[in-house]
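S.K.: Below are the structure tokens for one structure; questions will follow.
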Amino acid sequence: MSDNGNIESILHEDRIFPPPEKFNDRIGGAYINSMEKYDEMYARSMEDPDGFWGEVADQLDWFERWDTVSSGAFPDAKWFEGGKTNVCHNCIDRQINMGHGDDTAIIWEGEPTIGSGGSGEVRTLTYHDLHVEVCKFANALKSQGVKKGDVVTIYMGMVPELAIATLACARIGAPHSVIFGGFSSQAIADRVEDAKSKVVVTCDGSWRRGKVVPLKYNVDAATELTDLIEKVIVVKRCENEIAWNDERDIWWHEVCENQEDECPCESMDAEDMLFLLYTSGSTGKPKGIIHTTGGYMVYTYLTSKWVFNLRPDTDQVYWCTADIGWITGHSYIIYGVLPNRVPTLMYEGAPNFPEPDRFWNIVERHKVTQFYTAPTAIRAFMKWGDEHPKKHDLSSLNLLGTVGEPINPEAWMWYREIIGGSNCPIVDTWWQTETGGQMLTPLPGATPTTPGSCTRPFFGVDAAIVQEDGTEVDTNSGGLLVVRKPWPGILRGIFGDRDRFVDTYFGRIDGMYLAGDSARVDENGNFWIMGRIDDVINVSGHRLGTMEVESSLVSHESVVEAAVVGVPHEIKGTGIAAFCTLAGGFEPSEELKQTLRKHVANEIGAIAKPDMLKFTDALPKTRSGKIMRRLLRDVAAGTDSKQDITTLEDFTVIAKLRAED
Ligand code: PRX
């Protein structure tokens, strides 16, 4: 059922850690400090969701108040209908209006180190600074013809201009579509075509492990693949050589230079689109997930506040290590954090550049209090050795978080002890691009945690584990993870594909949102994620469709047929195993393997490169022609789970695959 290699160890875990005693003092008081309080508030959020969410929404600014808090049912649930607001206003202007313009909004650190002490270039932006930069760029976008409703594509490194660009789009009501800087030209062109986006914002390059990632070059190559791109705005970051098209290309600093530093916020309907973010599904074509304004804003604001215990006017410095190219960066670097007025740290580069202690060096120098990262990173830190964190004073840390994939108990314990000094609660947060914000998560001052469990539903989240007919399974039985009531952050659609939206999330179990994960609930009421139920794999916390990788392999002239499955991987959680049958005239060779791996990297991005690639004369299939992926998973993992192979068409195929290298 799952591609996750850690289920066995998770199943036998029974250690329970209450919130550390000192947490309440160190964090300036926990917002929710007992399970009694959690239970009471959770019950209220279920019984009176409109009252609950209306009160939260009242903590933010609205240009016009909503008529209804929630309305409609899946798949057409709406939040705050009739309300008008602007997310950028709530991130920036609201703080300035309340007299906090000089507070720090963003702390940015570049990758290349300068001087001694291991620091990179540091830029600090107050809310005033951010206001000026965002307004100028918003006006610059307008000067290039961008209007409310036009999708702007953003393909950048982790520089402050990336946050500025997203906020500028939100300000003028132009939905952004951020593409992770590790994706290929083909991926850019596909997303630009799908979103019908004419303006791309990029950088000349971005720093990664001391090397320049050629972002502008990739955008140039994308313009060869689609005619849609009319303007490319380029941030000068690495000063690498780039090609220049006078008709199309514009420097960021030039187009911003003479712009006014005031730009009014567009008044947005609560249900107007805020952004599109492409993610993988079980078919080859990535889905453009739509998030809207009001519900997403309220949901990310509250989850940030209570899950990370963000308190303004304290010494908190919050750091989420994700890239803004993923949903985690959207929700928990920018949109949920800025309205809470705690500085959000952005780091440009790799965790191990120039040395494997870079993250801990940053934590020490910036006195980071809340730290949010992915299990795959934690496993890499463990492998690099304890001496790296031990070189640094990490005593500023109050809270640790993880996201993106199941965390194995060994990594969880290491994180707690070596990074947190056994003093910090760990919030293992389960959620998805589609959910907008965290859904299953401990509350740091209240929830007893157990390594590997994402514990309880957040307020307003009616999560359950059910069977195909929608009835709940027994305690500790695996089943389908669903949400039975709409919550404010839920996706509102897949761009341009209503049928896929309805089928994927609401078509299988009547009246419920299907997450696509299997899970169980234990005797303490804690949730345990077991893995995906579809052909999606989670590589280093990044979602990939096996079909996407297969399509890219068969697009190479040498490959006739390909099957891709997940394989347990020590660091990545899940690695990619590919099985290919070759066209006549092509012979298996190490060289061809490398060519194909490179081909996939060019087609999708380096994260999709198969870790293991096998050539085979045939793929194991049922008599009706369906590839038996579960058998391939066994072959890839070198295991034999004694699966039923009575429907296998040709028994020799598996024996041959096992026999090879
Ligand atoms: O399988 C779950 C896994 O990541 C999927 C969502 O991926 P994506 O949309 O890229 O969003 C990742 C960041 C929010 C889920 O369906 N996943 C996410 N968080 C966890 C997790 N699996 C186990 N534990 C988690 N905490």
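S.K.: Output the residues belonging to the range 486-523 that are within 21 Å of residue 438 (Cα to Cα) and either in contact with a Pro (Cβ under 7 Å, 6 or more places away or on another chain) or in a helix (DSSP H, G or I) (or both).
M.R.: Those that are within 21 Å of residue 438 (Cα to Cα) and either in contact with a Pro (Cβ under 7 Å, 6 or more places away or on another chain) or in a helix (DSSP H, G or I) (or both): 501, 504, 505, 506.
S.K.: Then there is this: Yes or no: residue 470 surrounded by fewer than 17 Cβ atoms within 10 Å (Cβ to Cβ), more than 16 Å from the ligand (Cβ to nearest atom) and not acidic (Asp, Glu)? Don't jump to the end; show me each part of the working.
M.R.: Details: surrounded by fewer than 17 Cβ atoms within 10 Å (Cβ to Cβ): yes; more than 16 Å from the ligand (Cβ to nearest atom): yes; not acidic (Asp, Glu): yes.
Yes, satisfied.
S.K.: Take the range 46-74 and flag every residue that is surrounded by 13 or more Cβ atoms within 10 Å (Cβ to Cβ), part of a helix (DSSP H, G or I) and among the small types (Gly, Ala, Ser).
M.R.: 54, 57
S.K.: Does the range 388-413 hold any residues that are more than 20 Å from residue 26 (Cα to Cα), in a loop (DSSP other than H, G, I, E, B) and away from the ligand (no atom under 15 Å from the Cβ), and which are they?
M.R.: Pass one, the range 388-413, residues more than 20 Å from residue 26 (Cα to Cα): 388-391, 402-413.
Okay, now just the ones that are also in a loop (DSSP other than H, G, I, E, B), so 391, 404-408.
Matches in the range 388-413: 391 only.
S.K.: Restricting attention to the range 38-57, report how many residues are aliphatic (A, V, I, L, M) and over 26 Å from the mean Cα position of the chain (by Cα).
M.R.: Filtering the range 38-57 down to residues aliphatic (A, V, I, L, M) leaves 41, 43, 46, 56-57.
Now narrow it down to the ones that are over 26 Å from the mean Cα position of the chain (by Cα): 41, 43, 46.
Summing the residues that are aliphatic (A, V, I, L, M) and over 26 Å from the mean Cα position of the chain (by Cα) in the range 38-57 gives 3.
S.K.: Give the range 261-279 a look and list any residue that's of a type in the set (Ser, Thr, Tyr) and in contact with a helix residue (DSSP H, G or I) (Cβ under 6 Å, 6 or more places away or on another chain), or say none.
M.R.: Residues of the range 261-279 of a type in the set (Ser, Thr, Tyr): 267, 278-279.
Passing the criteria: 278, 279.
S.K.: From (1) surrounded by 19 or more Cβ atoms within 10 Å (Cβ to Cβ); (2) more than 14 Å from the ligand (Cβ to nearest atom), pick out the condition that doesn't hold for residue 480.
M.R.: The single condition residue 480 does not satisfy is (2).
S.K.: Could you count how many residues in the range 414-444 are within 9 Å of the ligand (Cβ to nearest atom), out of contact with any Ser or Thr (no Cβ under 6 Å at 6 or more places or on another chain) and open to solvent by 10 Å² or more (accessible area, probe 1.4 Å)?
M.R.: Total satisfying the criteria: 3.
S.K.: Okay, next question. Checking residue 459 against (1) closer than 27 Å to residue 28 by Cβ; (2) open to solvent by less than 10 Å² (accessible area, probe 1.4 Å); (3) touching a strand residue (DSSP E or B) at 6+ places or on another chain (Cβ under 8 Å); (4) of a type in the set (A, V, I, L, M, F, W, C), which test does it fail?
M.R.: (3)
S.K.: Looking at the range 377-384, can you tell me whether even one residue there is in contact with a helix residue (DSSP H, G or I) (Cβ under 7 Å, 6 or more places away or on another chain) and of a type in the set (Lys, Arg)?
M.R.: Yes: the range 377-384 contains one or more residues that are in contact with a helix residue (DSSP H, G or I) (Cβ under 7 Å, 6 or more places away or on another chain) and of a type in the set (Lys, Arg).
S.K.: Out of 387, 364, 355, 405, which single residue is acidic (Asp, Glu), farther than 20 Å from residue 454 by Cβ and touching a residue at least 40 places away in the same chain (Cβ under 8 Å)?
M.R.: Working: 387 fails: touching a residue at least 40 places away in the same chain (Cβ under 8 Å); 364 fails: touching a residue at least 40 places away in the same chain (Cβ under 8 Å); 405 fails: farther than 20 Å from residue 454 by Cβ.
Matching residue, one of 387, 364, 355, 405: 355.
S.K.: Name the residues in the range 15-37 that are outside any loop (DSSP other than H, G, I, E, B) and either under 18 Å from residue 370 (Cβ atoms) or not basic (Lys, Arg) (or both), would you? Give the steps one after another, and end with the answer.
M.R.: Pass one, the range 15-37, residues outside any loop (DSSP other than H, G, I, E, B): 17, 23-26, 35-37.
Once the filter is applied, which keeps residues that are outside any loop (DSSP other than H, G, I, E, B) and either under 18 Å from residue 370 (Cβ atoms) or not basic (Lys, Arg) (or both), the range 15-37 yields 17, 23, 24, 25, 26, 35, 36.
S.K.: Please determine whether any residue of the range 75-82 is out of contact with any helix residue (DSSP H, G or I) (no Cβ under 8 Å at 6 or more places or on another chain) and open to solvent by less than 20 Å² (accessible area, probe 1.4 Å).
M.R.: Looking through the range 75-82, at least one residue is out of contact with any helix residue (DSSP H, G or I) (no Cβ under 8 Å at 6 or more places or on another chain) and open to solvent by less than 20 Å² (accessible area, probe 1.4 Å).
S.K.: Among the residues of the range 141-156, is any open to solvent by less than 20 Å² (accessible area, probe 1.4 Å) and of a type in the set (Phe, Trp, Tyr)?
M.R.: Start the filter on the range 141-156 by keeping residues that are open to solvent by less than 20 Å² (accessible area, probe 1.4 Å), which leaves 141, 146, 151-156.
When the remaining residues are screened for being of a type in the set (Phe, Trp, Tyr), the result is 155.
The answer is yes; a qualifying residue exists.
S.K.: With the structure loaded, tell me whether residue 455 is under 25 Å from residue 274 (Cβ atoms) and either within 10 Å of the ligand (Cβ to nearest atom) or of a type outside the set (Lys, Arg) (or both) or whether it fails that test.
M.R.: Working: under 25 Å from residue 274 (Cβ atoms): no; either within 10 Å of the ligand (Cβ to nearest atom) or of a type outside the set (Lys, Arg) (or both): yes.
No, not satisfied.
S.K.: Do you know which residues across the range 614-661 are touching a residue at least 24 places away in the same chain (Cβ under 8 Å) and aromatic (Phe, Trp, Tyr)?
M.R.: 615
S.K.: How about the range 282-312: which of its residues are assigned to a loop (DSSP other than H, G, I, E, B) and crowded, with 22+ Cβ neighbours inside 10 Å? Give the derivation first.
M.R.: Of the residues in the range 282-312, the ones assigned to a loop (DSSP other than H, G, I, E, B) are 282-286, 293, 308-312.
Matches in the range 282-312: 286, 293, 308, 309, 310.
S.K.: Given the conditions (1) among the hydrophobic types (A, V, I, L, M, F, W, C); (2) closer than 26 Å to residue 337 by Cα; (3) part of a helix (DSSP H, G or I), and given that residue 418 satisfies all but one, which numbered condition is not satisfied?
M.R.: For residue 418, the failing item is (2).
S.K.: What number of residues within the range 147-195 satisfy the criterion of being assigned to a loop (DSSP other than H, G, I, E, B) and either of a type in the set (Lys, Arg) or farther than 22 Å from residue 294 by Cβ (or both)?
M.R.: Quick first cut of the range 147-195, residues assigned to a loop (DSSP other than H, G, I, E, B) only: 147-151, 156-159, 173-175, 179-182, 184.
Next, only the ones that are either of a type in the set (Lys, Arg) or farther than 22 Å from residue 294 by Cβ (or both) stay: 147-148, 156-159, 179-182, 184.
Qualifying residue count for the region: 11.
S.K.: Looking only at residues that are within 28 Å of the chain's Cα centre (by Cα) and within 13 Å of residue 447 (Cα to Cα) in the range 21-32, which one is modelled with the lowest pLDDT?
M.R.: Filtering the range 21-32 down to residues within 28 Å of the chain's Cα centre (by Cα) leaves 23, 27, 30-32.
So of that shortlist, the ones also within 13 Å of residue 447 (Cα to Cα) come out as 23, 30-32.
On the way: 23: 89, 30: 95, 31: 96, 32: 96.
Among residues in the range 21-32 that are within 28 Å of the chain's Cα centre (by Cα) and within 13 Å of residue 447 (Cα to Cα), the one modelled with the lowest pLDDT is 23.
S.K.: What tally of residues in the range 513-541 results from selecting those that are open to solvent by 20 Å² or more (accessible area, probe 1.4 Å) and within 15 Å of the ligand (Cβ to nearest atom)?
M.R.: In the first step, residues of the range 513-541 are kept if they are open to solvent by 20 Å² or more (accessible area, probe 1.4 Å); the result is 521, 523-525, 529-530, 532-535, 538, 540-541.
With the extra rule that they be within 15 Å of the ligand (Cβ to nearest atom), the set shrinks to 521, 529-530, 532-535, 538, 540-541.
Counting residues in the range 513-541 that are open to solvent by 20 Å² or more (accessible area, probe 1.4 Å) and within 15 Å of the ligand (Cβ to nearest atom) gives 10.
S.K.: Counting only residues that are assigned to a loop (DSSP other than H, G, I, E, B), aliphatic (A, V, I, L, M), over 20 Å from residue 383 (Cβ atoms) and more than 16 Å from the ligand (Cβ to nearest atom), how many does the range 313-362 have?
M.R.: Within the range 313-362, the subset assigned to a loop (DSSP other than H, G, I, E, B) is 313-317, 321-326, 336-337, 341-343, 348-357.
Those still in the list that are aliphatic (A, V, I, L, M) too: 317, 322, 324, 337, 342, 350.
When the remaining residues are screened for being over 20 Å from residue 383 (Cβ atoms), the result is 317, 322, 324, 337, 342.
Going one step further and asking which of them are more than 16 Å from the ligand (Cβ to nearest atom), we end up with 317, 342.
The qualifying residues number 2.
S.K.: Please find, within the range 218-231, the residue that is most open to solvent (accessible area, probe 1.4 Å) out of those that are more than 25 Å from the chain's Cα centre (by Cα) and not charged (D, E, K, R).
M.R.: That would be 225.
The values are calculated or read from the model by the stated rules, or taken from the named source; none is laboratory data. Everything numeric here is computed off the predicted structure, so don't read it as measured data. Because the Cβ atoms are built from the backbone with ideal geometry, glycine has one as well, and the counts that use them run over all protein chains shown. Keep in mind that these areas ignore ligands, DNA and RNA; they rest on the heavy atoms of the full protein, side chains included. Shrake-Rupley method; radii C 1.70, N 1.55, O 1.52, S 1.80 Å.
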